[in-house]
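In what follows, a single structure is set out as structure tokens and then discussed.
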Amino acid sequence: MINYFTEEHELFRQSLRSFLEKEVKPNIVQWEEERRIPRWVWKKMGEMGFLGLAYPEEYGGANLDFFYDVVFNEEIGRMNSGGFTITQQVVQYMSGPYIMKYGSEQLKQKYLPGIISGNLISCIGITEPGAGSDVQNIQTKAIREGDYYIVNGSKTFITNGVYGDFIVTVVKTNPEAGAAGFSLLVIDRNAEGVSAQKLKKLGWHASDTAELHFDNVKVPAENLIGQEGKGFYYLMNGLQLERVCFIPCSVTSMEFAIDSALQYMSEREAFGKQLSRFQVLRHRIAQLASEVEALKAFSYYCCNLYNKGVYDVKLCSMAKLICTELHEKVATKCLQFYGGYGFMEDYPMARMYRDVRVGTIGGGSSEVMREIISKIVIEDTNYAKAQTSYKGAGEKDLTGVNYFTEEHDLFRSSFRDFLEAEVRPNVNQWEKDGRIPRSIFKRFGEMGYFGITQPEKYGGMGLDIWYNLIIDEEIARMNSGGFAASIGAHPLLAITYLNAQGNEAQKQQYLVPSIKGELIGALAITEPFGGSDVQAIRTTAVKDGDYYIVNGSKTFITNGVYSDYIITAVKTNPEAKGSGGMSLLIIDRNSEGLSANELDKLGWRASDTGEIAFADVKVPVQNLLGEENQGFFYIMQHFISERLSLASGAYANSLYALEVTIQYMDERMAFGRTLNKFQALRHRIAQLAAEIEWIRFFVYRLYARYQAGDYIVKEAAMAKLLATQLTDKVMTECLQMFGGYGFMEDYPMARMFRDARLGQIGGGTSEIMCEIISKMIIEGKGYSKPKVNHSSKSSV
């Protein structure tokens, strides 16, 4: 598993947090009222070594990896003051790096030691009264006259612009050259002709923000950063760092908001009980916490890319978009939990609510992020990285970035070819037939796909769980929820249970032929009167000599009609309360007294789904799977892998829907142009693409943790909740972009739309996921890991 933080990172975190709690938090209210932060705090931070973390040692920096900066941003984000956070972010990440990466040695010696020691405060001057996110429209000019540039123009919304010491300023040195006419100049704040007007802001009160005016300001030519005419390219490169830094501080700010809301909810009573006892509020907390947890995983991945020197404009833009919009949502929802007190400045949420509003504006507005993303995902636009003379932290090193190895990629390519040749041409027929032919199960077995992670002694390959993830992702591209369900339920449910809980005789009788595809298995838990409430099942198995006599019924059972055996949850001790008394039995499909009725479904039409009745079915006692009365715990254990699989299939299906929609938009004309030229549609595509990547990298992180042995009940529920919610949204939006054709069964979206709807129901409904998550977050309820007999990597 990729570990982002070392023991040294955590020691640094403890030291920084202790400093902030002692020196900063007690003063935040005063600094907010005074509308500025005193310089002594920055000097103290410099003395403590908290500034200049990634800067070279020769200028006073520590030359550390980027995850020290991640820690720095996470901890300042906990202070609940956007003004405090942005002040030093501008210095360390938005202005100083241009000097460090592109500046002359003279500029580095003059300015870098000061910002690292906390003695100098810098600004970044980009935005103008008539040019915000549209950087190419700036008008501030710098005309070369001998050894000086003469600067005229103005900048606005400049953080640190009133009390700062110098401004890294974007100017036009060649007004006729377009993007090639921009340069970066360091302008001292006290230079003659520079004036500032302090601006009144909605939030960020602790920081000073100015409109700056330059009136014939003489700037030494030696203050040019890098080459003349390269400023735009330097800027485009630097904006990725600015956007990446927004994310970790926003994540911890959101965590602070949720923790504060939970504390308030545990103390505040209404209608005779604590607010934390109201299910509707608990589920809102669960939803927010899930989204923040997913963002944290996505954030760390993007930060790791930056740390390794990977220039990924798409992911950085996606992360910034998701992060800042989620921050607004969290602040709004958490303020609502406080009721009227949330509107009071004496409580924490009022300030956060004000501060976060600028997040979707600064560093490139959400609209600009969507424009960048749409150019990349629709038109394959490539954003090249500017060259830099700086050789230090952040040099390209892909070690520890990719979750998949070369062997994984080769397997994906081979498996995709197999599916395209033997599955896609037949999917429509299988949808009409309402079942997957046995020949396909046998082909999967012959190719080794059913045993990819199973022990070699039973015919498997013993490979890691990333191969299962690849299978889920590729099957999702077949655009048949029924195929995915039938072909997936066999290894994910039946084979997994057999390997984990089965004895040697059971494995020889059922597991070996199942891996070969000669037998098809099903898992039967849900009953007509017991869906997600597993503890409420009523099917009984009464022991009678060498047999269990089974009576009851199951419903919504994938492969329930044509399977060869059914792993069935039964009550072997009906008197036991709660989760006690439940066991698992392997019941042969042709057993006397067992009958199945095929169900007519909205979607998943290629799979057979049955309602199964058991009338005095005799099951040999040797078909008990695992220990008697331990069935509930086995089910809970395997819910993790099931939910991760459902999550991976959901986002992969969403990604495929996006691909076919983009293809349709590229071909479909309306009002004289292709659909992919309409900005409203482009931005919808960008939003969906960003959300898919957000969830995808969350699931990847969870697979890594699961493989490492983490028992991730809460996180798996979060992933399943978010991924299936997203799929519903993606299918609805993509169908809409197809217009009337989206409603036609001859086009792909109608089936996707139908099939996706079950995602939020199967494997535990979204409501159940919220209930599990809320119990673990609000009440600290833990789900202990059951003891299990396993012998393959798939059973971690």
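Observations, loosely collected:
- Ranking F214, F5, F556, F753 by solvent-accessible area of protein heavy atoms (1.4 Å probe, all protein chains present), from largest to smallest, gives F556, F753, F5, F214.
- Zone residues, segment 245-284, relative to E779, backbone N less than 20 Å from point 7 Å out along Cα-to-Cβ: 259, 261-284
- Cα gyration tensor shape for segment 425-556, rounded if a/c is under 1.5, else prolate or oblate: oblate
- Chain lengthening between T405 and I761 when straightened (0.36 nm per residue, less Cα-Cα): 124.8 nm
- Of the solvent-accessible surface of the chain, computed with a 1.4 Å probe and all protein chains present, 49% belongs to carbon and sulfur.
- L120 long-range amide H proximity, modeled H, under 5 Å: I115
- Total charge dipole magnitude, the chain, about the Cα centre, Cβ charges on Lys, Arg, Asp, Glu only, Debye to nearest 20: 960 debye
- With the helix formula -39500 (n - 2.57) applied to DSSP H stretches of n ≥ 4, the chain reaches a computed 222 nm mean residue ellipticity of -15000 deg cm²/dmol.
- Pairwise label distance in nanometres, T732 with S579, each label 7 Å out on the Cα-Cβ vector: 3.4 nm
- Hydrodynamic estimate: the Kirkwood radius of segment 1-54 over Cα pairs, inserted into Stokes-Einstein at 20 °C and 1.002 mPa s, corresponds to D of 167 µm²/s.
- Three-way shape label, segment 670-747, alpha-carbon gyration tensor, a/c 1.5: prolate
- The calculated pair-distance distribution of the chain uses every alpha carbon pair, bins of 10 angstrom beginning at 0, and gives 2, 12, 21, 22, 18, 13, 8, 4, 1, 0, 0 percent.
- Tensor-based shape of segment 117-174 (alpha-carbon gyration tensor, a/c under 1.5 rounded, otherwise prolate or oblate): oblate
- Distance histogram for segment 499-625 (every C-alpha pair counted, 10 angstrom bins, percent rounded to whole numbers): 13, 44, 35, 7, 0
- Magnitude of the charge dipole for segment 1-53, about its Cα centre and with charges confined to Cβ atoms of Lys, Arg (+1) and Asp, Glu (-1), is about 240 debye.
- Simple label model, 7 Å out from Cα along Cβ direction - E33 to D710, nm: 4.3 nm
- The chain, accessible area per residue, ligands and nucleic acids excluded (1.4 Å, Å²): 40 Å²
- Greater than 29 Å apart at Cα, pairs in K296/K775; K25/K781; K108/K200; K543/K781; K198/K308; K218/K314: K25/K781; K108/K200; K543/K781; K198/K308; K218/K314
- Dividing the mean sequence gap of close Cα pairs (under 8 Å, 6+ apart) by how many residues the chain holds gives a relative contact order of 11 percent.
- Positive end of the dipole of the chain (Cβ unit charges, origin at the Cα centre): among V534, L185, V244, the Cα lying farthest that way belongs to L185.
The values are calculated or read from the model by the stated rules, or taken from the named source; none is laboratory data. This one's a predicted model, so the numbers in the text were calculated from it and none came from an experiment. Please note: Cβ atoms are built from the backbone with ideal geometry, for glycine as well, and neighbour counts cover all protein chains shown. What goes into the accessible areas is simple: the full protein's heavy atoms, side chains included, and nothing from ligands, DNA or RNA. Shrake-Rupley method; radii C 1.70, N 1.55, O 1.52, S 1.80 Å.
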